[in-house]
Amino acid sequence: MNIGIVCYPTFGGSGVVATELAKGLANKGHNLHVLSYARPARLDSFRTDITFHEVDLSSYPLFEYPPYDLALANVMVNLIKHEKLDILHVHYAIPHATSAYLAKQILGEQASHVPIITTLHGTDITLIGSDPSYKDVVDFSINQSDGVTAVSEYLKKETYNKFDIRKDIEVIPNFIDLERFQKSNKNHFKKALCPNGEKVVTHVSNFREVKRVPDVVSTFHQVVSNGVDAKLLMVGDGPDRQRAENKCRELKICDKVRFLGKQEQVEEVLSISDLFLIPSGSETFGLAALEAMSCGVPVISSNIGGLPEVNIHGETGYLCELGDVEAMGKYALKILKDEKLHQEMSANARKRAEKFELNSVVEVYEEYYKLKRDELQS
């Protein structure tokens, strides 16, 4: 099939999932066309079966902000016409689903055979989409899609609660490349960061307020204050980095915390990690937690959103109430001080991650594409 995939190019989960899905589909013999306003972070190598189409945003004095949704619709029109797309799969409702609907209206009968699949990822529903400024448009665009998927049961329920959706929503979870995300020997890396054999606690995010990165620092402070020699590795960057750094200074643990910034090969950091912290105030799925688990790292997380669908309490780690730093600290100490428990949870984490294996989820998407294509042609 010729498949168009539309996504945002940023480090966020939706862009990562869309890009990895494109790679997985290409590996199965499909031709992929990826559309965005910049090359996605994970689309980092040349492939003959994946073509990137950059949506050009022309600047005119009339526009304070160039209309990306219209430029995107125009690229979609050209791809459907000239590349003979069989499927147009948009990730994130705003404005991608709206642009896809507009493109099909422009083409009329020429696009009647091309299903629009909309995958909902999170803040497009739980935050941005429910804003009164967008809600009616999002309602309409989702209902006009030929197929709608969500990455977790939690998001499916939230979508029905917040919007007037008449479409069936299929839950197709996020996935993991088990070959890439597996524990590997990075002893040289660990020795450089932890010369005295310290335990490694890790956090990975975009450092937005919703990720609650100061809670990570406070939890880690409990760990080192109770006799565990450890280092905290903070991977990522964003608006709350300064708050996290200030918290380190306030608690006088700066010598034990390393801010590594954004890392393309995050699996190398996870390979030397003993524990992963994700105290988020909102997680539709928890892809960062799944990546850690795939590398055999136990996870302590909040019990928010889709995280309980990934991280199983008492098996792969622990779930805590939002903001309960004390409980997170106690669980962290429990795992780090009990080697047998750590080994059991590490093995359980990897086994759990195997249920979200890339190729099996790609096959689910393939079947869903065929189903929606057949429905349009019948």
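Read-outs throughout are calculated quantities, based only on the coordinates presented, and are distinct from any laboratory measurement. What you see is a predicted model; the values in this text were computed from it and never measured. Glycine gets a Cβ as well: all are built from the backbone with ideal geometry, and neighbour counts include every protein chain shown.
A few comments on the model shown:
- Ranking LEU307, CYS248, SER218 by how far each Cα lies toward the positive end of the dipole of the stretch 187-356 (charges on Cβ) leaves CYS248 at the top.
- Set of aspartates and glutamates near LYS247 by C-alpha distance (under 15 Å), chain-local residues within fewer than 8 positions excluded: GLU209, ASP215, ASP255
- For the chain, adding -39500 (n - 2.57) for each run of n ≥ 4 DSSP H residues and dividing by the number of residues yields -13000 deg cm²/dmol at 222 nm.
- Cα-based reach from LYS186 at 17 Å (exclusive), listing lysines while leaving out same-chain residues under 8 positions away: LYS199, LYS231
- In terms of its C-alpha gyration tensor, the stretch 187-356 comes out rounded, because the ratio a/c of the largest to the smallest axis stays below 1.5.
- Size of charge dipole - the chain - debye, nearest 20, with Cβ of Lys, Arg +1 and Asp, Glu -1, no other charges: 980
- Centre separation in Å (Cα based) which lies between the stretch 58-117 and the stretch 329-376: 33
- About the Cα centre, charge dipole magnitude for the stretch 187-356 (Lys/Arg +1, Asp/Glu -1 at Cβ), debye: 320
- With neighbours defined as other Cβ atoms within 10 Å of a residue's Cβ, the residues LEU79, LEU287, LEU275, LEU333 order from fewest to most as LEU333, LEU79, LEU287, LEU275.
- Max mean-square fluctuation residue, GNM over the chain, Cα-Cα springs under 10 Å, options ASP255, ASP240, ASP124: ASP255
- Three-way shape call for the stretch 324-370 based on the alpha-carbon gyration tensor, with the a/c threshold at 1.5: oblate
- Cα shape, the stretch 142-200, gyration tensor, a/c 1.5 rule: prolate
- Inter-probe distance in nm under a simple model that places probes 7 Å from Cα toward Cβ, at ASN303 and SER360: 2.7
- Distance between the C-alpha centres of the stretch 129-150 and the stretch 263-303: 30 Å, rounded to the whole angstrom.
- Principal-axis analysis of the Cα atoms of the chain puts helix 241-251 at an angle of about 10° to the longest axis.
- Of LYS162/LYS330; LYS81/LYS370; LYS191/LYS334, pairs whose Cα-Cα distance is over 31 Å: LYS162/LYS330
- Positive-end residue of PHE356, LEU333, MET345, charge dipole of the stretch 187-356 with Cβ unit charges: LEU333
- In degrees, nearest ten, helix 96-107 long axis to first principal axis of the chain (Cα): 10
- When each of THR123, THR10, THR48 is scored by the number of other beta-carbon atoms lying within 10 Å, the sequence from fewest to most is THR48, THR10, THR123.
- In loop segments of the stretch 163-213 as defined by DSSP, the trypsin sites (Lys or Arg not before Pro) with at most 13 further C-beta atoms inside 10 Å of their C-beta are ARG166.
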